[in-house]
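Enquirer: Questions regarding the structure given below will be posed in turn.
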Amino acid sequence: MKVNKFSIKNYRSLKDIAVDEFGSTTIFYGDNNAGKSNILNALELLFKRKQTLHEGILTEAQNFYLGNIPDSKNNFYNNDTATPITFTVEIDVDISELNISDSISKIFSKKGNYTFSFSGRISFIEGIGDYSEIKFEEISANGVIIYSYTEKLEFFPSIKQGRDVATLGTAFNKLIDVFNDCVYIVSSDRDMHEASISEENISVLSPRTFKNFLYGLYLSPQKFHLFEEINEVFSKPPFSYGTISFSKETGNKLQLMVKEGDFRLPIKHLGSGVLQSLYIITSIICSESKIVCVEELEQNLSPRKQYEILIKLQSMIIDKRRALEQLIISSHSAVYAKPKLGAIYFLVKEDGKTTIKSFIKKASKTSTVSKAKKSTKNTKSAKGAKGEKEEPDEPVKPEEPEEPDDIDLGEDLTKHLAPTNPLWTDEDMYKYMREVHDFEPFTKPDTGKK
C-alpha cells in the first residue's frame, strides 16, 4: 500500500495544495510552522475510523469514509467554517491485501496493483457545538466507481444484475477495511512521562503510556515477540544502545532500564536522543498501519544518527514481519534535504498559506555504462555499413558507485557516509538549492565567517 497523490483545500494552512507524487519515502522539508505536519495530520484524519454523532453523543468508531469529527473548527483555513474542506487521495494496493467477496469478484479479476481514488469533503455543522461531518463522495478502483454518495448512497453502481443492497454494502465494507486506520503518525511529542506500574492492559502507545506499554509487551505471552523485536533493533547497529529491561522503584514506580556492557542505567540517564529512538522503533514495530508518518524524525539526534535512523527505517519497509510499506516524514533538518533519500518537497508559508516551493524527485538509477556501450555499438555499425574500418572497442569508464536505497545494517555504516556520501551541512544544502533549484533558503546559515 502506498499513497500516490494527495490534494486538499481549506485545511488549516493548506489553502490549496497538491502533492502529485509520493515515493516509498517522502520528506516534507521546511522552516518551522511551514505547514509540513498539516499534510501528515490531514492524511491520518481522512483514514482514521470515524465516530457518528447521535443525539449529542458520539457512537463507537466504525469506518473512515463517513462520520463526524469533534473539535474541528480550527481545521478550517482562516477559521472559515462556511467553506468546506475538499480532498482527493490516490492509493495503490496489491490485490493480495484486499478481501474480495464473490459478489464483486468480476470487478477485481486481474492480479497485481489496484489504484483506489478517494474524493470527498468535510463540512462544519452549525448549531450543535464544534463538530464537522466528513463524507467521502466517490471511491473508485482502477477507474471503476465502487462507492458514490452525492445525492444517495450507492455501492458498486456498475453491477446491474442481481443487485442486493445489503450484500453489496457488506462486500464494500470488507473490501475497504484495509484502509481503516491505514495512516499512523508518530508525533513529535515523544518525551517519556513518569509512570507507576499499571494493572490495566495498555493498548494505545503515547508518551504518557510508553513505559507501561512496553512493560505490557514484555509480560504478554502473545506479544512478547514484539518486545524481542524492539530489543533486537535497539541493541544493534545503527543504534547499539543496549538491551531493555525494567525495575520497580519506591512507590511502585516503573523504571525503564538499558544495559550496555557491564552498566545498567535508567534510560533517562542516556540522553533524550536514545529515548526518541526507542519510541520511534516501538511505534513502527507495533503499528498495524501500512503508511507511517513521523514528525521531526531528527529530533534530538546528531546529523549522523539522523541519517542512520532513516536508512534503518527504510530497510524496515521490506521486512515482511512488519506492516510498514511507506514512510512520510516532516523535517527541518538539512540531512533529510538530500535528493537520494526520497521524494522531497520544500514547503514555505506566506500570508498564512502553505505552498510547495520546490520538489526534488528521487533520481532513477540509469546505467552510463549501458548508454556508452549502445553509443559505441551504433557508431561501429554505421562505419561497417559504409565499408570503413571499424575501430576496436574503447574501455568504458565504470559508473561511480551510487548510494544504495537500503543498507544492510549488519555492515559498517561508516563506509556509506564518507567520502562518497558525506552528510550535508546546512551551507551545502542552501548552495545546492540556490544553484540547482533556484530556491532561496529561509535563513542564511551561520558559517562563522564575518
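Conditions (1) of a type in the set (Asp, Glu); (2) within 17 Å of Gly120 (Cβ to Cβ); (3) surrounded by 20 or more Cβ atoms within 10 Å (Cβ to Cβ); (4) assigned by TED's automatic domain parsing to the domain that holds Ala82, marked per residue:
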site	(1), (2), (3), (4)
Phe28	no, no, yes, yes
Asn38	no, no, yes, yes
Ala42	no, yes, yes, yes
Phe47	no, yes, yes, yes
Leu53	no, no, no, yes
Gly56	no, no, no, yes
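Enquirer: Looking at Ile125, Ile95, Ile100, Ile139, can you tell me which residue is of a type outside the set (Gly, Ala, Ser) and buried (at least 18 other Cβ atoms within 10 Å of the Cβ)?
Expert: Working: Ile125 fails: buried (at least 18 other Cβ atoms within 10 Å of the Cβ); Ile95 fails: buried (at least 18 other Cβ atoms within 10 Å of the Cβ); Ile100 fails: buried (at least 18 other Cβ atoms within 10 Å of the Cβ).
From the options Ile125, Ile95, Ile100, Ile139, the qualifying one is Ile139.
Enquirer: Would you mention how many residues in the stretch 91-125 are hydroxyl-bearing (Ser, Thr, Tyr) and closer than 16 Å to Lys174 by Cβ? It would help to see each step written out before you state the result.
Expert: Just the residues of the stretch 91-125 that are hydroxyl-bearing (Ser, Thr, Tyr), to begin with: 96, 101, 103, 105, 109, 114-115, 117, 119, 123.
With the extra rule that they be closer than 16 Å to Lys174 by Cβ, the set shrinks to 96, 101, 103, 105, 114.
The qualifying residues number 5.
Enquirer: Take Ala171 and decide whether it is surrounded by 13 or more Cβ atoms within 10 Å (Cβ to Cβ) and in contact with a Leu (Cβ under 7 Å, 6 or more places away or on another chain).
Expert: Values: surrounded by 13 or more Cβ atoms within 10 Å (Cβ to Cβ): yes; in contact with a Leu (Cβ under 7 Å, 6 or more places away or on another chain): no.
Criteria not met by Ala171.
Enquirer: Still on this structure: Any idea which of (1) modelled with pLDDT of 80 or more; (2) of a type in the set (Ser, Thr, Tyr); (3) not in a strand (DSSP E or B) is the one Ser364 doesn't satisfy?
Expert: (1)
Enquirer: To continue, here is another question. Examine the stretch 42-63 for a residue that is among the hydroxyl-bearing types (Ser, Thr, Tyr), modelled with pLDDT of 95 or more, in contact with a strand residue (DSSP E or B) (Cβ under 7 Å, 6 or more places away or on another chain) and outside any strand (DSSP E or B), and state whether such a residue exists.
Expert: The answer is no, given that none of the residues of the stretch 42-63 is among the hydroxyl-bearing types (Ser, Thr, Tyr), modelled with pLDDT of 95 or more, in contact with a strand residue (DSSP E or B) (Cβ under 7 Å, 6 or more places away or on another chain) and outside any strand (DSSP E or B).
A quick yes/no check of all residues on (1) within 14 Å of Ala195 (Cα to Cα); (2) in the same structural domain as Leu205 (by TED's automatic domain parsing); (3) modelled with pLDDT under 95:
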residue: Glu228; (1), (2), (3): no, yes, no
residue: Pro238; (1), (2), (3): no, yes, yes
residue: Ile244; (1), (2), (3): no, yes, no
residue: Thr250; (1), (2), (3): yes, yes, yes
residue: Gly261; (1), (2), (3): no, yes, yes
residue: Arg264; (1), (2), (3): no, yes, yes
residue: Lys268; (1), (2), (3): yes, yes, yes
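Enquirer: For the stretch 201-214, check the following and say yes or no: at least one residue is closer than 23 Å to Ile309 by Cβ, part of a helix (DSSP H, G or I) and free of Cβ contacts under 8 Å to residues at least 60 places away in the same chain.
Expert: Scanning the stretch 201-214 turns up at least one residue that is closer than 23 Å to Ile309 by Cβ, part of a helix (DSSP H, G or I) and free of Cβ contacts under 8 Å to residues at least 60 places away in the same chain.
Enquirer: Now, a different point. How many residues are exposed (fewer than 13 other Cβ atoms within 10 Å of the Cβ) and either closer than 19 Å to Met316 by Cβ or in contact with a helix residue (DSSP H, G or I) (Cβ under 6 Å, 6 or more places away or on another chain) (or both) if we restrict to the stretch 232-275?
Expert: Residues meeting the conditions: 2.
Enquirer: Would you confirm whether any residue within the stretch 329-338 is within 30 Å of Asn212 (Cα to Cα) and not aliphatic (A, V, I, L, M)? First the steps, then the outcome.
Expert: The initial filter retains those residues of the stretch 329-338 that are within 30 Å of Asn212 (Cα to Cα), namely 329-331.
Imposing the further condition that a residue be not aliphatic (A, V, I, L, M) reduces the set to 330-331.
Yes, that holds for at least one residue.
Enquirer: Looking at the stretch 174-186, can you tell me whether even one residue there is without any contact (Cβ under 8 Å) to a residue 24 or more places away in the chain, in contact with a helix residue (DSSP H, G or I) (Cβ under 9 Å, 6 or more places away or on another chain) and not hydroxyl-bearing (Ser, Thr, Tyr)?
Expert: Quick first cut of the stretch 174-186, residues without any contact (Cβ under 8 Å) to a residue 24 or more places away in the chain only: none.
Checked the stretch 174-186: no residue is without any contact (Cβ under 8 Å) to a residue 24 or more places away in the chain, in contact with a helix residue (DSSP H, G or I) (Cβ under 9 Å, 6 or more places away or on another chain) and not hydroxyl-bearing (Ser, Thr, Tyr).
Enquirer: What's the number of the condition Lys174 fails, among (1) of a type in the set (Lys, Arg); (2) more than 27 Å from Asp92 (Cβ to Cβ); (3) in a helix (DSSP H, G or I)?
Expert: So Lys174 meets the others, but not (2).
Enquirer: What strands (runs of 3 or more DSSP E), lying completely within the stretch 107-164, carry at least 2 residues that are at pLDDT 95 or above?
Expert: On the way: elements: 113-125, 131-141, 144-149, 153-155.
By residue number, 113-125, 131-141, 144-149.
Enquirer: Inside the stretch 288-341, can you point out the residues that are among the hydrophobic types (A, V, I, L, M, F, W, C), touching a strand residue (DSSP E or B) at 6+ places or on another chain (Cβ under 8 Å) and assigned to a helix (DSSP H, G or I)? So that I can check it myself, show each step before the final result.
Expert: Step one: filter the stretch 288-341 for residues among the hydrophobic types (A, V, I, L, M, F, W, C), giving 291-294, 297, 301, 309-311, 313, 316-318, 323-324, 327-329, 334-335, 337, 341.
Okay, now just the ones that are also touching a strand residue (DSSP E or B) at 6+ places or on another chain (Cβ under 8 Å), so 291-294, 297, 310, 313, 317, 324, 327-329, 337, 341.
Correct list: Leu310, Leu313, Ile317, Ala337, Leu341.
Enquirer: When you check Ala166 against the structure, is it over 30 Å from Ser37 (Cβ atoms) and touching a residue at least 12 places away in the same chain (Cβ under 8 Å), yes or no?
Expert: Values: over 30 Å from Ser37 (Cβ atoms): yes; touching a residue at least 12 places away in the same chain (Cβ under 8 Å): no.
In short, no.
The values are calculated or read from the model by the stated rules, or taken from the named source; none is laboratory data. The structure presented is a predicted model; accordingly, all values stated were derived computationally and were not measured. We place every Cβ from the backbone using ideal geometry, glycine too, and count neighbours over all the protein chains shown.
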